Amino acid sequence: MLETLKNAWKLPDLRRKIMYTLMILVIFRLGSAIPVPYLNAAAIGASGIFGDGNLMGYYNMLTGGALEQASMFALSISPYITASIVIQLLTVAIPYLENLAKEGEEGRKRINKITRYTGVALAVLQSFAYYSMLRRGGAVVYTEGWESVFACTVIVACFSAGAMFVMWLSERIDAKGIGNGISMILFAGIVAGGKDLIQALFIGRYADGGYAKGYIPAAIDAIKTEGFKWGGDAWFAVSVPVVAIIFLFVITFIVVMYNAERRIPVQYAKRVVGRKMYGGQSTHIPIKVNMSGVLPVIFSSSLLAIPGTLAAFFPAEEGTFWHGFVSLFNYDSWLYAVLYFLLIIAFNYFYVAIQYNPIEMANNLRKNNGAIPGIRPGKPTSDFIGKIISKITIVGAFFLAFVAIMPIAIGAVSGLNISLGGTTIIIIVGVSLDTVRQLESQMMMRHYKGFLE
């Protein structure tokens, strides 16, 4: 990875793209530190809204702490992600949008325009929901009279404008930078929130308030204090290396699965054009195991945030049915894990169906005098490709779902609250690999023989 970045830095155009992307991410982090007027930051932290075991705390981690600070970019890219989900799902159901998707570049531009307008509406809705939540928590300065109306207008407008600006920043990365804009924005937020993880790991405390047991990291002390349910403190010596090994295994597993692919062999027939003979070579169609990247994980987690948003409009008093229902969608609950698992699989199939059309792939092979050995051209070829894609998709879907819910399962078994979940690991590793892969492909297009070796 470092070698690829060093080689990409030598090319002026790629160096400009990298610098442009870094500049966009710096602007995003600067905006995440700009406070919104009429809000008391100290009261937000004391309200308990962003606990370690609730969904708001989880999404605060994804935004790098901007949500808890109630900054201009508190909503980050979430309204745009939700709008993309809604529009892409409606593309399958509404003929007008389906026809736009088939019109090529112009159709995609119009769909993107509709997505932006939908994102604006969702940003206003989420901004008002967040304002209502902060007001109940006592973080809004003015709550009565015309001052409260003015404060509400300013706060909602700031949150909405910040979300739209972040949407524009992500589109700038898509147009002139490196990587996927949505993924890069989330990546920047998670990495920026890593300071809390470092603090949890290395800024410890004196066990039992004294000096006798020495200065130990807080995360290790939490493992010792909580212990495994079936072993108590006796498992302390085993649990720490086990957690570290699992963490390294997950990262290695993600890297291996991201690079895994199924190659469908293709043989091109020889043909004579004038006095020259073309074709006759053997090649393959690479089908990635994880064809949809981190988008199913991002979209699934965004969709599961809807109950939390509704709870901001309709407060849930403790002991009521509504409170119990909303609590089921905390990111460490069993229902959240099951729904998360199923949604990741569903979105994986959805995106693979959009990206890969077996009939179109079979027709392209037939037009170029290509064929899969042992498979007849036409419908048998499309059926064969469709069967391969279906098998590969289920493997990739279960891979993403397994890594995403594994920390929830470990927390349920061990009694530990693992803040750095599988979702954040997938996003960090996946975005890094996708960015490096995009750099390599752009360098290969410039025909630098042996440049990547």
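Hey, could you check the range 181-200 for residues that are more than 30 Å from residue 12 (Cα to Cα) and surrounded by 14 or more Cβ atoms within 10 Å (Cβ to Cβ) and say which is modelled with the lowest pLDDT? Steps first, answer last, please.
Keep residues of the range 181-200 that are more than 30 Å from residue 12 (Cα to Cα), which gives 193-200.
Then keep just the ones that are surrounded by 14 or more Cβ atoms within 10 Å (Cβ to Cβ); that gives 193-194, 196-197, 200.
Numbers: 193: 64, 194: 57, 196: 50, 197: 48, 200: 43.
Going through the qualifying residues, I end up with 200.
Within the range 101-110, can one find any residue that is on the phi > 0 side of the Ramachandran plot and surrounded by fewer than 17 Cβ atoms within 10 Å (Cβ to Cβ)? Walk me through it before giving the result.
Of all residues in the range 101-110, those on the phi > 0 side of the Ramachandran plot come to 104.
Narrowing the set further to residues that are surrounded by fewer than 17 Cβ atoms within 10 Å (Cβ to Cβ) leaves 104.
Looking for residues that are on the phi > 0 side of the Ramachandran plot and surrounded by fewer than 17 Cβ atoms within 10 Å (Cβ to Cβ), one finds at least one in the range 101-110, hence yes.
Scan the range 155-175 for residues that are under 20 Å from residue 118 (Cβ atoms), crowded, with 23+ Cβ neighbours inside 10 Å and over 19 Å from the mean Cα position of the chain (by Cα) and jot them down.
159, 162
Check residue 178 against each of (1) of a type outside the set (D, E, K, R); (2) part of a helix (DSSP H, G or I); (3) buried (at least 18 other Cβ atoms within 10 Å of the Cβ) and name the one condition it does not meet.
(2)
Table: residues versus (1) within 30 Å of residue 157 (Cβ to Cβ); (2) assigned to a loop (DSSP other than H, G, I, E, B).
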residue: 6; (1), (2): no, no
residue: 13; (1), (2): no, no
residue: 22; (1), (2): yes, no
residue: 28; (1), (2): yes, no
residue: 33; (1), (2): yes, yes
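Name the pairs: first residue in the range 11-27 and within 14 Å of residue 171 (Cα to Cα) and touching a residue at least 40 places away in the same chain (Cβ under 8 Å), second residue surrounded by 15 or more Cβ atoms within 10 Å (Cβ to Cβ) and of a type in the set (Lys, Arg), Cβ to Cβ under 7 Å, at least 6 apart or on different chains?
24/172
Looking only at the range 109-129, count how many residues are in contact with a Leu (Cβ under 7 Å, 6 or more places away or on another chain), closer than 22 Å to residue 307 by Cα and not hydrophobic (A, V, I, L, M, F, W, C).
Total meeting the criteria: 2.
What are the residue pairs meeting all of these: first residue in the range 127-154, first residue farther than 23 Å from residue 80 by Cβ and at pLDDT 85 or above, second residue part of a loop (DSSP other than H, G, I, E, B) and of a type in the set (A, V, I, L, M), Cβ atoms under 7 Å, and 6 or more apart or on different chains?
Partner pairs satisfying both residue conditions: 151/141.
Restricting to the range 91-125, count the residues that are small (Gly, Ala, Ser) and closer than 24 Å to residue 161 by Cα. Spell out the reasoning first.
Just the residues of the range 91-125 that are small (Gly, Ala, Ser), to begin with: 93, 101, 104, 107, 119, 121, 123.
Going one step further and asking which of them are closer than 24 Å to residue 161 by Cα, we end up with 119, 121, 123.
Looking only at that region, the number is 3.
The values are calculated or read from the model by the stated rules, or taken from the named source; none is laboratory data. Just so it is clear, the model here is predicted, and its values are computed rather than measured. Quick reminder, even Gly has a Cβ in these numbers, built from the backbone with ideal geometry, and neighbours come from all protein chains shown.
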